[in-house]
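Enquirer: Below you'll find the structure I mean.
A short reminder: the numbers here are calculations on the coordinates, not readings from a lab. In this text the structure is predicted, and so the values were computed from the model without any measurement. Here the Cβ is made from the backbone with ideal geometry for all residues, glycine too, and neighbour counts use every protein chain on show.
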Amino acid sequence: MNKEKVSCKDVMGHICESLSEEMNSPKCVAIKEHLETCHGCKSYFTSVEMTIDLYKKCTETLPGDVHKKLMAFLELTDEQ
Amino acid sequence: MNEELLIASAKNGDRKALAELVKNYEQTVYSFAFKVCRNREKAENIMQETFYSMIKSLHQFDGNSKLSTWLYRIVVNHCLMEARKNSRYTFVEQETDESLFDEKYIADWSSLPIKNLETKELRNILDSAIDKLQPEYRVVFTLRDVEEYSTEETAKMLELSVPAVKSRLHRARSFLRNEITKAFQK
């Protein structure tokens, strides 16, 4: 099998495309190998994961009065 | 009552079933709208419009997809309409991969004081970054990464091809990550 050669830039692009997806193609295997040895790309990979995690944690709960306003707007009531 | 029965009853004009459906999904819809538009008032309006649209067109819901998937399609459309009123986006489709994946952005985040930030400060950084992202990219990022829908499901909801979702997703991730890095480097 031909061994893929990848640069840090290739890795950065591919990390973003493939994060949390299957990584079994020759390109992905080369990416994984690159990640194990390149500190910069490993940091980049971690930071993209952290970006996603930060946005996941940044949630908003429905304020109580908003539910009442919604029901009134839709002319619905909680007890019918 | 299970969801199928609730939908059938609501289609037959049962207001109690309709209210139940709204209650079951209001948090999901509000939360998604907020994640996309980053504004409570806008999220509230989008939620109202989404459920108004749902009630108006519930008779067209054929049950071939989940109600949640159908609702996401509606809320996405309302989010896009709302977000397009804003023209402050700095991230445009034409931005090249050269600028997105520039090696100057390889900064080690372990040295960034993310954990020391107050929630409000961090939230401002996240809001400001996503605010610059075009709405079409924001909805892909939110559905795929934040709501954890698969690439295929996201593509279906947005009526996009799988490669288009992947392309928007990796650009959105990269852009947000770079914006957050820049905010910490200031």
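Enquirer: Could you grab the Rg to Rh ratio for the range B:3-83? Cα atoms only, Kirkwood for Rh.
Expert: Over the Cα atoms of the range B:3-83, Rg/Rh equals 0.97.
Enquirer: Over 30 Å between Cα atoms, which of B:Lys23/B:Lys132; A:Lys42/B:Lys66; A:Lys27/B:Lys132; A:Lys27/B:Lys35; B:Lys42/B:Lys182; A:Lys68/B:Lys11 qualify?
Expert: Flagged as over cut-off: B:Lys23/B:Lys132; A:Lys42/B:Lys66; A:Lys27/B:Lys132; A:Lys27/B:Lys35.
Enquirer: OK, next. Taking H placed 1.01 Å from N in the peptide plane, check which residues at least 5 places from B:Gln134 or on another chain put their amide H under 5 Å from its amide H.
Expert: B:Phe91
Enquirer: Between B:Thr119 and B:Asn24, how high is the FRET efficiency from 1/(1 + (r/R0)^6) when r is the Cβ-Cβ distance and R₀ = 41 Å? Nearest 0.05.
Expert: Calculated value: 0.90.
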